[in-house]
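All remarks here apply to the structure that follows.
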Amino acid sequence: MITERLYYDDAYLTEFEGEVIEIRSNGWAALNRSAFYPTSGGQPFDTGTWTIGGRDLCVTDVEVEDGVVWHKLDGPVSVGEKVHGKIDWDRRFDHMQQHAGDHMLAGAVWQMFGGVTIGLHLGKEDSTIDMTLPDGRTHLTPDEIAALEDTVNRRVQQDDPIRCWFPAPEELETLPARKKPTVKEHVRMVAMGDYEMVPCGGTHPSTTGQIGPVKILSCTPSRGNMRLCFVAGMRAVRLLRQAYQCAGDMAAAVSADFDGAPEALKREREAALTQRKDLKDRLTLAALEMLKAGKEGDLYAAHLLFADHDTLLKAASELTKEPQAIVLLSCPKGEGRMLVFARGKDAAPDMAQLLRAAGARGGGKPDMAQGSTPDGEAMKKAIELLK
Ligand SMILES: [Zn+2]
């Protein structure tokens, strides 16, 4: 016995009566008739409840196998029990909007650019369609994406009828479908306005207007094909709300209006980068001045409280231009200190060896080593070792 799939005739049916015809030990049960949509054709399953004699069970997954619709339940049932089923309509209608949005995009890309759909995925956040384009193209231009989005949303706003039916084999052969059916019998067709017709077993709204806004989020190459990412319906409304809020917050943060925000943000970033570079240059100058003032013979050594790692490297690189110079520097790093030991090209001591001999963690080359130490002892010890 196969399951009568009630959603084929009426995608708006949310409650129904059925009977358990088969059970499996792992919590799955089949009905003689069901409005629950099983995962198939890129559209995820419905969730909802079964009520059996006043007892409610949750349906957490739905699959189809050889024409039998199986429901995963959170409690036991028996063959022959009468079931009142109820699907989660918000989830289903969201899926209908995304799924029908996918049809609209796929049909329009086929007509406008000759793209052929090879796969689709309806995700929790957004959905994707993988397509092959003629001449090996792997993306559309921004102008083409805008034209595609306009076409699809215009068709949505026309509120054209969406029709699903099982044509007789003779009729099937004459239909101008975007894709040919893989089987000859029991083929279910869906037609939207006069611009989209394909075999499909999914659930669709009765008119295109119910799909709501369709927004393309990205168009990227994917394994030699093109991947369109999109949202439709309430997802598009929520995304617009979120994006508008985010753009408004960003504009306010840089004291600009919407249109001026990107330019203002760019200016602020450039100013901040210039300021940071300027500060780093001044820190290096201050470090050099201090080190030169405290120079003993060829040794420059100091713990620079105000410096960071970058300042130490810059100061060391400047001072080791003197061939005999030995430069031992440290700065704060977390609870401990960061060390940079360097020497000029004619100075003798091996800096990596010195760093380790002083008890610091780290390493490097004979002319330049870096490491860290929990306190000032390593620095003191290195100076003593040199003397
Ligand atoms: Zn469909």
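The values are calculated or read from the model by the stated rules, or taken from the named source; none is laboratory data. Owing to the predicted nature of the structure, the values given are computational and were not obtained by experimental measurement. Note that we place each Cβ from the backbone using ideal geometry, even for glycine, and neighbour counts take in every protein chain shown. The area values use the complete protein model at the heavy-atom level, side chains included, leaving out ligands, DNA and RNA. Shrake-Rupley method; radii C 1.70, N 1.55, O 1.52, S 1.80 Å.
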Step through the residues of region 68-83 one at a time and calculate ³J(HN,Hα) from phi using the Karplus curve (6.51 cos²θ - 1.76 cosθ + 1.60, θ = phi - 60°), rounding each to whole Hz and writing x for Gly and Pro. 9, 8, 9, 10, 8, 10, 9, x, x, 9, 10, 4, x, 5, 8, 10
For the chain, what is the accessible area per residue in Å², given a 1.4 Å probe and the full set of protein chains? 53 Å²
Within region 214-240, which residues have the backbone N less than 20 Å from the label spot 7 Å out from Glu144 along Cα→beta-carbon, could you tell me? 215-231
Report the Cα centroid-to-centroid distance between region 164-227 and region 9-74 in angstrom, as an integer. 25 Å
Cut-off 13 Å between beta-carbons: net charge of the residues surrounding Arg276, Lys and Arg +1, Asp and Glu -1: -2
Taking the Cα atoms only, what angle lies between the long axis of helix 89-113 and the longest principal axis of the chain, rounded to 10 degrees? 80 degrees
Taking a ≥ b ≥ c as the square roots of the Cα gyration tensor eigenvalues, with a/c under 1.5 meaning rounded and otherwise prolate when a/b beats b/c, else oblate, which class fits region 288-374? oblate
Net +/- balance of residues flanking Leu312 in space, Cβ distance below 13 Å, scoring K and R +1, D and E -1: +1
Crossing angle, helix 142-157 versus the chain [Cα axis fit, 0-90 degrees, rounded to tens]: 30 degrees
Given the alpha-carbon gyration tensor of region 13-164, what are the semi-axes of its equivalent ellipsoid in whole angstrom, ordered largest first, with each equal to the square root of 5 times an eigenvalue? 39, 16, 12
Can you work out the Karplus-derived ³J(HN,Hα) for every residue in region 367-376? Use 6.51 cos²θ - 1.76 cosθ + 1.60 with θ = phi - 60°, whole Hz, and x for glycine or proline. 9, 7, 9, 9, x, 9, 8, x, 8, x
Return the percentage of antiparallel bridges among DSSP beta bridges fully within the chain, rounded to the nearest 5 %. 90 percent
Determine the distance separating the Cα centre of region 244-260 from the Cα centre of region 101-149; give it in Å without decimals. 31 Å
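Hey, what did region 4-87 get for relative contact order, percent, Cα under 8 Å, at least 6 apart? Kindly include the intermediate steps, with their values, before the conclusion.
Numbers: 196 pairs, mean separation 29.7, N = 84.
About 35 percent, as a whole number.
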222 nm [θ] for the chain, helices only, -39500 (n - 2.57) per DSSP H run of 4+, per residue, to 500? -11000 deg cm²/dmol
How much length is gained on full extension from Asp66 to Gln111, taking 0.36 nm per residue of separation minus their Cα-Cα distance? 12.8 nm
A 1.4 Å probe over the protein heavy atoms gives region 288-386 a carbon and sulfur accessible-area percentage of 51 percent
With Cβ to Cβ distances under 13 Å as the rule, what net charge do the other residues near Ala358 carry (K, R +1; D, E -1)? +2
Solvent-accessible surface ranking, highest first, for Leu386, Leu312 at 1.4 angstrom: Leu386, Leu312
Take every Cα pair under 8 Å in the chain that's 6+ residues apart, average their separations, divide by the length, and report that relative contact order as a whole percent. 10 percent
How do the peptides 14-26, 65-77 rank, highest first, by the average count of neighbouring beta carbon atoms within 10 Å per residue? 65-77, 14-26
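Based on the Kirkwood radius over alpha-carbon pairs, what is the Stokes-Einstein translational diffusion coefficient of the chain at 20 °C with 1.002 mPa s viscosity, in µm²/s?
79 µm²/s
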Need the full-extension length gain, Ser78 to Arg55, defined as separation in residues times 0.36 nm minus the C-alpha distance. One decimal, nm. 7.0 nm
Using a 1.4 angstrom probe on heavy atoms only, work out the carbon and sulfur share of the accessible area of region 4-87 in %. 49 percent
